[in-house]
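Below is one structure; the comments refer to it alone.
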Amino acid sequence: MLPITNCRTLLFIDSSMTPPCVVFGGRKVPTSMDAANISIRHLWITDQQVLAALLCQVRAPEENTMMARLARPTRGTLGAIVFALALGAATTWAAMTVLRPPEDPSLSAPFTYVAAAEGTVRADIMLNALAEWQPVPVGVNRAQGVVTTIAVAPGDEVAQGSLLYSVGMRPVVVAQGMVPAFRPIGEGDEGSDVAQLQQLLADLGFYGGEVDGEAGPATAAAIKSWQMTLEVKQTGRVAMGDLIFVPELPTRITLDADEVFRGATLTGGESVLRGLPASPVFTVPVTEAQAAMIPSGTRVEITSPSGDIWDAVATDQVRDSELQTVAVGLTGAHGPVLCDDACGQVPVTGVSRLSSQIVTVEPVTGLVIPSAALITAADGQTAVVDEDGERVPVTVVTSARGRSSIEGVAAGARLRVPAGETGPSE
């Protein structure tokens, strides 16, 4: 018995049998052979077996001694059979592999079913937002001496006539005006700074005359009345260090703690008063990959120090090549002031870290299924497979975190999903 091993299943040509047989898988298939004229009539292959049938005409031994001698297969004849079988098997296998249509994985893979149900699809990133006040210089000290008291705390709102601090037990007061204090003011003086002083006295109820920038007797009398409330000597003349004019009041301010503190010595000319803007600066430091998911206009929910939610939107992105980070700017969702009238909750000094939720996919409520249930046809159409094995075209409203909100099927419809891919819960 001679083996043929060029096939996918081991074959044997059993020439001792009458008639000879092809043996495969332990089974013998009778054949008809003519050693002088061998032809293969049928040859086919499947994934499970190889079957070869040799249908030949055999001459009777008694008809011709020479032909009878040839009826016994020779080594060369068996080689021809082996070659023919191998070549035919390879050719047929290649043809079937190329021509067989590809299987639809959605129909052949192991699967289970899920029901389309009402739900919400959204995606967000939890990060820390940074809030930092950026005060700007608004006033210069002109008093000289030792600081004896501090009357304001960082972030306090001050108005006309608010006491800031005292030097040598003499109060230093804030007033509104574009012209800084640069001289003492008393009866007979004229100018814009005089008008600013008259407006202060009028706002405090000490002066009822014209705010004309000319200090007359009425202005001097109003100064004395004001000095009485400050418990200083009533001279009718304002010392240069008694006032610090700032452009706008009321405003939130902070004193430069490096310059103004109890016991500090002031010589005049120090930039001691800083004004706070309407809102601190809010940013979110992120990586490059995270920045790609936060385009301008992305909604951000910031948890305030008191637990309230401040709605914000992402704006510009500033990259730090040294730290390899990106600072995403934030502004108010309903206006430029992100924290509205609650900005006082943010400490004036240092950087505050506030929990923030960056909404990368806006919430969408509707029928929700695992994204793994979606298939895409060759024409680009998205569909699902129902429990009857039929494809149903659908429209994907949004997708996030392995879940998709779709339109095109009824609530409760059972849809096919690859086994183990039921998707994350909401």
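For the range 320-348, filtered to residues that are without any contact (Cβ under 8 Å) to a residue 24 or more places away in the chain and under 19 Å from Asn128 (Cβ atoms), the residue that is most open to solvent (accessible area, probe 1.4 Å) is Leu323.
The conditions of being surrounded by 14 or more Cβ atoms within 10 Å (Cβ to Cβ) and over 30 Å from Leu130 (Cα atoms) are met by Leu201. Cβ separations smaller than 6 Å between residues 6+ apart or across chains give the following pairs from the range 398-416 residues that are without any contact (Cβ under 8 Å) to a residue 40 or more places away in the chain and closer than 28 Å to Val359 by Cα to residues that are open to solvent by 30 Å² or more (accessible area, probe 1.4 Å) and among the hydroxyl-bearing types (Ser, Thr, Tyr): Gly402/Ser371; Gly408/Thr395. Within the range 240-258, the set of residues being among the small types (Gly, Ala, Ser) and either surrounded by 20 or more Cβ atoms within 10 Å (Cβ to Cβ) or closer than 27 Å to Asp203 by Cβ (or both) comprises Gly241 only.
Of all residues in the range 259-280, those satisfying the criterion of being open to solvent by 60 Å² or more (accessible area, probe 1.4 Å), at pLDDT 95 or above and either more than 19 Å from Leu243 (Cα to Cα) or basic (Lys, Arg) (or both) are Arg262, Arg274. Within the range 132-143, restricting attention to residues that are out of contact with any helix residue (DSSP H, G or I) (no Cβ under 9 Å at 6 or more places or on another chain) and over 20 Å from Ala239 (Cα atoms), the residue that is surrounded by the fewest Cβ atoms within 10 Å (Cβ to Cβ) is Val136. Filter the range 231-244 for residues that are on the phi < 0 side of the Ramachandran plot, free of Cβ contacts under 8 Å to residues at least 60 places away in the same chain and not charged (D, E, K, R) and give the result. Gln234, Thr235, Val238, listed by residue number. For the range 226-239, name all the residues that are outside any loop (DSSP other than H, G, I, E, B) and crowded, with 16+ Cβ neighbours inside 10 Å. Correct list: Trp226, Gln227, Val238.
For the range 293-304, filtering for residues that are open to solvent by 70 Å² or more (accessible area, probe 1.4 Å) and either out of contact with any strand residue (DSSP E or B) (no Cβ under 9 Å at 6 or more places or on another chain) or within 15 Å of Met126 (Cβ to Cβ) (or both) leaves 1.
I'd like the residue in the range 353-382 that is part of a strand (DSSP E or B) and open to solvent by less than 10 Å² (accessible area, probe 1.4 Å) and, out of all such residues, is farthest from Arg122 (Cα to Cα). Looking at residues that are part of a strand (DSSP E or B) and open to solvent by less than 10 Å² (accessible area, probe 1.4 Å), I get Ser356.
The values are calculated or read from the model by the stated rules, or taken from the named source; none is laboratory data. In this text the structure is predicted, and so the values were computed from the model without any measurement. No Cβ is skipped: glycine too gets one built from the backbone with ideal geometry, and neighbour counts run over all protein chains shown. For accessibility, only protein heavy atoms count, side chains too; no ligands or nucleic acids. Shrake-Rupley method; radii C 1.70, N 1.55, O 1.52, S 1.80 Å.
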